[in-house]
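The values are calculated or read from the model by the stated rules, or taken from the named source; none is laboratory data. Just so it is clear, the model here is predicted, and its values are computed rather than measured. Positions of Cβ are generated from backbone atoms using ideal geometry, with glycine treated the same way; all protein chains shown enter the neighbour counts.
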Amino acid sequence: MAACELGRRALLSQGYQIDNADPQTIRGEKLFQPKYEHSVRLDITLVCLPSNVGAAIYANARQTHFELKSAASNTGLSVTGLGSISLPWAADKESLVKVGEETVVDPDFYRRLFALIDTLEGK
């Protein structure tokens with residue numbers, strides 16, 4: 001079985017959503033919500049290149065952190081002859097805001113990924 005296919009199956013087995021744009025490059029995305037107001041997106045890219053033993057897989061993962069932020073909204077009211085007034089509205093608008101991004105450098109993460117790929121290959 002081709003190296004990239006093994007990588008694709010490994011990511012699928014762990015719940016990643018796969019982008020199949022290029023057969024030599026597999027991109028996967030997985031979303032986590034460790035806390036109510038905090039979420040994490042884990043993006044992983046596998047690149048398959050020919051080598052003297054068949055094919056080699058190179059991996060790179062990136063974590064993006066988001067937080068739920070809220071902002072109060074104001075409502076304006078204008079009455080002819082009296083002027084205008086701006087009132088705070090009770091409802092808050094919430095949105096996810098990107099607060100950080102980092103490359104995954106934990107060697108155990110990559111060790112576990114390649115161990116899973118080896119398991120799928122039957123080694």
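This table checks each residue for (1) over 22 Å from Val104 (Cα atoms); (2) basic (Lys, Arg); (3) not in a loop (DSSP other than H, G, I, E, B).
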position	(1), (2), (3)
Glu5	yes, no, yes
Arg9	no, yes, yes
Leu12	no, no, yes
Leu31	no, no, yes
Pro34	no, no, yes
Ser39	no, no, yes
Ile44	no, no, yes
Pro50	yes, no, yes
Of the conditions (1) modelled with pLDDT of 95 or more; (2) out of contact with any Cys (no Cβ under 9 Å at 6 or more places or on another chain); (3) not aromatic (Phe, Trp, Tyr), the single one that Leu46 does not satisfy is (2)
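Has segment 73-96 got any residue that is at pLDDT 90 or above and touching a Leu at 6+ places or on another chain (Cβ under 6 Å)?
So far as segment 73-96 goes, no, none of its residues is at pLDDT 90 or above and touching a Leu at 6+ places or on another chain (Cβ under 6 Å).
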Examine segment 53-60 for a residue that is of a type in the set (A, V, I, L, M, F, W, C), touching a helix residue (DSSP H, G or I) at 6+ places or on another chain (Cβ under 8 Å), modelled with pLDDT under 90 and under 24 Å from Gln17 (Cβ atoms), and state whether such a residue exists. yes
Only one of (1) closer than 18 Å to Phe114 by Cβ; (2) surrounded by 13 or more Cβ atoms within 10 Å (Cβ to Cβ); (3) not hydrophobic (A, V, I, L, M, F, W, C) does not apply to Tyr58, and that is (2)
Log entry, pairs with first residue in segment 41-65 being among the hydrophobic types (A, V, I, L, M, F, W, C), second being loosely packed, with under 15 Cβ neighbours inside 10 Å and assigned to a loop (DSSP other than H, G, I, E, B), beta carbons closer than 6 Å, six or more apart or on different chains, reads Cys48/Gln24
